[in-house]
Amino acid sequence: MPELPEVESLARFITTQAGGQEVARAELASFAALKTFDPPLEALRGQVLQGAGRRGKFLTLRFADELWLVLHLARGGWLRWRDELATTRVKPSPKSPLALRLGFTGGGGFEVTEAGTEKRLALYVVRSPDDVAGVVRLGPDPFEVDVASLGERLIAAGASPLKAVLADQTVLAGVGNAYSDEVLHSARLSPFKPASKLSDDELARVHGALRSVLEDALQRSLGLPAAGLKAEKREGLRVHGRAGLPCPVCGDTGREVSYATKAFQYCPTCQTGGKVLADRRLSRLLR
Ligand SMILES: [Zn+2]
């Protein structure tokens with residue numbers, strides 16, 4: 001799933017490619033993906049793209065006439081720019097990964113796709129991003145939150161594990177499964193540490209790691225075309241998705257805890273005092 005650095009880079013990429021251009025066509029291929037009906041998608045036609053931005057993991061495209069297209073790419077969603085967009089009309093099909101084709105008068109345009117069977121991609125045509133419930137519920141941006149208010153938000157999360165709290169969009173906007181693993185690794189904290197039980201030093205480490213990890217990922221991905229972002233993200237990860245591989249900081253072997261549909265990774269030496277956490281799925285099977 002694209003998280004803050006990738007969505008920010010996609011936003012800048014879209015602005016570079018299509019900013020100032022007029023929408024020639026907006027064709028929906030997945031009816032389920034469009035969550036709004038008024039204004040209609042058709043209202044985008046003839047609109048000039050002012051620029052693209054980000055609210056958490058939501059991508060926001062601003063058009064003249066106070067019209068916005070807001071996208072949540074979810075787990076399998078992505079966006080591709082084509083210099084020459086296919087001219088055939090989109091045929092809606094539940095089997096096709098294509099969800100939306102947005103063409104500009106210059107002939108280029110975007111194709112929004114969603115891979116896999118879990119269809120969660122969401123598109124909204126709205127008068128303001130604040131018309132989207134998921135946007136309104138977002139917590140502060142990690143680049144804008146100060147140590148004190150981050151601390152308050154973590155205390156409010158109670159005994160929930162840090163791993164879950166950092167990826168909770170109502171606590172912080174834009175951090176997901178991958179970067180929460182990376183932030184915890186950088187802050188040298190266990191994913192299971194209760195969010196409300198951090199010392200001042202631990203809180204400062206989480207706050208610093210949020211900025212450094214996200215800023216670093218952002219710097220690496222800026223200026224890349226949409227097609228290069230996923231590989232760049234994988235390349236820069238130190239612990240996420242690296243179970244069985246050596247930790248680049250200490251050389252210990254990365255470990256994994258998996259749930260029904262999710263897994264997270266950590267380094268025992270860096271994060272848990274060398275302790276290997278029980279894999280709950282595994283221990284349930286063994287019981
Ligand atoms: Zn390590």
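The values are calculated or read from the model by the stated rules, or taken from the named source; none is laboratory data. Since the structure is predicted, the reported quantities are computational estimates derived from the model, not experimental observations. For neighbour counting, all protein chains shown are included, and Cβ atoms are generated from backbone atoms with ideal geometry for every residue, glycine included. These accessible areas exclude ligands, DNA and RNA; they are computed on the full protein's heavy atoms, side chains included. Shrake-Rupley method; radii C 1.70, N 1.55, O 1.52, S 1.80 Å.
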Distance in nm between T261 and D216 label points, each 7 Å along Cα→Cβ, equals 3.0 nm
Can you bin the chain into rounded, prolate or oblate? Criterion: square roots of the alpha carbon gyration tensor eigenvalues sorted a ≥ b ≥ c, rounded for a/c under 1.5, prolate for a/b above b/c, oblate for the rest. prolate
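Report the chymotrypsin sites (Phe, Trp or Tyr not before Pro) located in the range 200-287 that are in a DSSP loop and have at most 16 other Cβ atoms inside 10 Å of their Cβ, or state none. Show your work: numbers first, answer last.
Numbers: sites: Y259, F264, Y266; in loops: Y259.
Sparse-neighbourhood loop chymotrypsin sites (Phe, Trp or Tyr not before Pro): Y259.
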Taking amide H atoms as placed 1.01 Å from N in the peptide plane, list the residues 5 or more away in sequence, or in a different chain, whose amide H sits under 5 Å from that of L98. E114
Just want to confirm a number: the relative contact order over the chain, from Cα pairs under 8 angstrom separated by 6+ residues, in percent. 17 percent
Gyration tensor (alpha-carbon) shape descriptor, the range 121-227, a/c threshold 1.5: oblate
Please list, ordered by chain and number, the residues whose modelled amide H lies under 5 Å from the amide H of R54; skip anything fewer than 5 residues away on the same chain. T60
What is the Å³ per residue value for the convex hull set by the Cα atoms of the range 79-134? 112 Å³
Probe 1.4 Å, heavy atoms of protein chains only: per residue, the accessible area of the range 98-253 in Å² is 44 Å²
If I compute solvent accessible area with a 1.4 Å probe over the protein chains, what percent of it on the chain is carbon and sulfur? 51 percent
For a test of the definition: using alpha carbon positions, the gyration tensor, and the 1.5 limit on a/c, classify the range 1-50 as rounded, prolate or oblate. oblate
Rounded to the nearest 10 Å², what accessible area does E256 have for a 1.4 Å probe in the complete protein model? 70 Å²
Quickly work out the E232-to-D131 label distance, labels modelled 7 Å from Cα along the C-beta direction, and quote it in nm with one decimal. 3.2 nm
Between S199 and R80, what length comes free when the chain is fully extended (0.36 nm per residue of separation minus the Cα-Cα distance, one decimal in nm)? 38.5 nm
